[in-house]
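Beneath this line is the structure, given in structure tokens, with notes to follow.
Throughout, read-outs are computed from the coordinates displayed, never taken from laboratory work. Fair warning: this is a prediction, and the values are worked out from it, not measured in the lab. All Cβ positions, even for glycine, are placed from backbone atoms using ideal geometry, and neighbour counts span all protein chains on display.
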């Protein structure tokens, strides 16, 4: 009986350690994604009358990508943020639109239109949308599709 309790304690400690390590890894992935976006807001382009931040970053964490897009869009007075990354050998795209542009350019419509350029599918709400699948090498085509969408 004593050996069983000791075994259970050891398993419990290992599970707790694994949980801490996973949290630390998640935190490091978010920090890595943030470090790549340093001055993206300053490098925003204007398409028509809309400020667009579009970039491919090196991150395989979709959750971190989504949080980063929301963080960047929060720094814009008015505009659209589109970030792409490769996740599991496929394209991941997340788009956020500031409140003033959501009726004209809903994020879900932008994503569903642009994702087809890479053979991906996606959608979402007017403020935030994402797509997945398709060829990660076609992120430039996806960004060009977004630019074309904004020109129409």
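Descending by average beta-carbon neighbour count within 10 Å, the peptides 133-146, 89-102 line up as 89-102, 133-146, the highest first. Nearest 0.05, what FRET efficiency do residue 90 and residue 125 give at R0 = 30 Å with Cβ-Cβ as r? After rounding to 0.05, the efficiency reads 0.85. Considering only alpha-carbon pairs that sit under 8 angstrom and 6 or more positions apart, the relative contact order computed for the chain is 17 percent. Extending 7 Å from Cα along the Cβ direction at residue 99 and again at residue 14 yields two label points whose distance is 5.1 nm. Under a Gaussian network description of the chain, with springs only between Cα atoms under 10 Å, the residue in 52, 14, 76 that fluctuates furthest is 14.
GNM remark for the chain: springs join alpha carbons under 10 Å apart, and the peak mean-square fluctuation among 15, 43, 130 falls on 15. In this label model, residue 46 and residue 75 are separated by 2.0 nm, measuring between points 7 Å along each Cα→Cβ vector.
Between residue 62 and residue 31, what length in nm is gained on full extension when 0.36 nm per residue of separation is reduced by their alpha carbon distance?
On the way: separation 31, 0.36 × 31 = 11.16 nm, distance 1.33 nm.
In short, 9.8 nm is gained.
In the chain, the longest principal axis of the Cα atoms and the axis of helix 139-151 are about 40 degrees apart.
Could you tell me how many degrees, from 0 to 90 and to the nearest 10, lie between the Cα long axis of helix 62-75 and the main elongation axis, the longest principal axis, of the Cα atoms of the chain? The angle comes out at about 50 degrees.
Note on the stretch 42-152: along the principal axes its Cα atoms extend 34, 26, 25 Å, ordered by decreasing extent. As a rough footprinting exposure proxy, the listed residues 51, 6 were ranked by other beta carbons within 10 Å of their own, and the order from fewest upward is 6, 51.
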